[in-house]
Amino acid sequence: MNALVVVALLAAAPSSPITLEDARKQGRQSTTALQSILDLEVAEEDVRIARSSLLPQVSVNAYAGKRWIGRRNSFSLVTDPTTGQPVQIPVETEPTSTEDYDLGATLSQSVYDRKLWKQLEQNGVLRDAQKSQTKEEADTAELEAVRRFFTLFRTQASRQVLEANVKRSEEQLDRAHSMFEAGRVGKVEEITAKVNLGNDRITLTQSLKQLATDQAQLAVWLTRPGTEVLEAVDPGVLQQEPAPAPSIDEAVKVAREQRPLLKARELQVRSAEIARAIARADYIPTLSLVGIYSRQGPDAEGVFTEPRMQNNFIGRLNLEWNVFNGFRTPAQTRRAEASIRKAQLALEQSAREIEAEVRTSHQSLEAQIVAAQQAAENKDAAAQGLHLAEERFRAGAGSTLEVRDAQLKLTQAELSLLQNRIDVEIARFSLMRAMGALSPGETK
């Protein structure tokens, strides 16, 4: 089978088209993003668990048992008939057994416990911090999906450039053959053109490996089967002039206001401050109400079926004050203060890193826009050079080598333009992500 036919069959395998918007939305549902969502669900349940300690606590208990007492010696006090004085005499008792039944309920309600309230507040802050962290992870996952989408699209577009290059080589071979038949050039020109065509076909065939790799990487990230053949739908960016980058001051300002990671770090500082309040709560008394109802007796019928009998009620107000616990509370307070400082340092460091990330992404976008403009100019110049080389060859003043050199320069210029134009879009999305402005389903 002809090699070109094989290549065509491989490239024409059934594929699933995917748009940039689809990749962005599905990217936010990648495995890493879903794991972060599960962490948020855990944080939500932690809030409910903390709240449960402030609600009434009711427990019911019942048991049935039996007590066995074996034979034993004891002393009994009796009156001596001769003296009339009390004396102790040993007495041996027979083994006995008694039944024991109990049915009861306990109701307790915390009236004031600063630690419990602060723990609830802390869990709420940690939940909000996890919300911001979840959005941070979703933005990261979306950016990676965007990068893999454009990588696949670049490979697809590169193959189109290589196919066009093969077509130009075929045309050059036809020209060289015709001119050889007409006696205008030597046989070596035709052979050279044929070798060049073979090399271009090899390059096109080898690009299938990169195409399969990019398809698999995008599919896996979008939690699709690794065997699914994806086709990136043209997002239309190659037909547009790249929009200018926003000002660096505006980008930094937006990042400070919207970046989820900064919000998460700020809430972690707040959580550490609440942890200090929790530690100090041991200095404050706690107050609670307790109600106990129980029924006890030696037989099951009296305890479980006779409501008028065996009833016991206890109600009490408990005040507990931990006056001294071996200096544990001061130590816990100092540890909490160290944790506050650590959280503040992490916040400050994250702020610096985000500013640096914004500046780097901004500079990269501006540089890529200039590079794309220069690549477009190079491509136009290379196209003119190939046209002149072909005209010289037709006139018999040039050679296949000159045409080949101009052809390769045009192909390289087209690939460079493609690379730089797609890098502009990746850099733009990277800047949006650094600014915290990467909204799902919205292309900017």
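Projection of the Cα convex hull of segment 294-392, averaged over all directions and equal to a quarter of that hull's surface, yields 21.3 nm². When the chain is treated as a GNM with alpha-carbon contacts under 10 Å, the residue of Arg359, Arg48, Arg256 showing the greatest mean-square fluctuation is Arg48. In a GNM of the chain with a 10 Å cut-off on Cα contacts, which of Thr82, Thr106, Thr360 has the highest mean-square fluctuation? With Cα springs under 10 Å in the chain, the top fluctuation among Thr82, Thr106, Thr360 is at Thr82. For segment 128-252, dividing the convex hull volume of the Cα atoms by the residue count gives 162 Å³ per residue.
Above 18 Å, the calculated P(r) of segment 333-444 contains 68 percent of its Cα-Cα pairs.
Taking the protein heavy atoms of segment 77-124 in the context of the full set of protein chains, the accessible area attributed to carbon and sulfur is 56 percent at 1.4 Å. On a per residue basis, the chain carries 57 Å² of accessible surface, using protein heavy atoms and a 1.4 Å probe. Within segment 307-406, what whole-number % of the accessible surface is contributed by carbon and sulfur, with the 1.4 Å probe and all protein chains included in the calculation? C and S fraction of accessible area: 54 percent. In the chain the longest region clear of GluC sites (Glu not before Pro) that are loop-assigned by DSSP and have at most 16 other C-beta atoms within 10 Å covers 1-227. With the cut-off at 29 Å, report for the chain the share of all Cα pairs above it, as a whole percent. Result: 70 percent of Cα pairs exceed 29 Å. Projected label points at Val233 and Val78, each 7 Å from Cα along the beta carbon direction, are separated by 10.8 nanometres.
Each 10 Å bin from 0 upward holds the following percent of the Cα-Cα pairs of segment 231-345: 10, 16, 15, 14, 14, 12, 8, 6, 4, 0.
With the convex hull drawn over the C-alpha atoms of segment 1-151, the volume per residue is 324 Å³. What a 1.4 Å probe finds exposed on segment 171-233 is 57% carbon and sulfur by accessible area, rounded to a whole percent. Taking trypsin sites (Lys or Arg not before Pro) across segment 166-205, none is in a DSSP loop with at most 10 further Cβ atoms lying within 10 angstrom of its Cβ.
What percent do you get for the relative contact order of the chain when only Cα pairs under 8 Å and 6+ apart count? Result for the chain is 23 percent.
The values are calculated or read from the model by the stated rules, or taken from the named source; none is laboratory data. Keep in mind that this is a model prediction, so the values were computed, not measured. Positions of Cβ are generated from backbone atoms using ideal geometry, with glycine treated the same way; all protein chains shown enter the neighbour counts. The accessibility values were calculated without ligands, DNA or RNA, using every heavy atom of the protein model including side chains. Shrake-Rupley method; radii C 1.70, N 1.55, O 1.52, S 1.80 Å.
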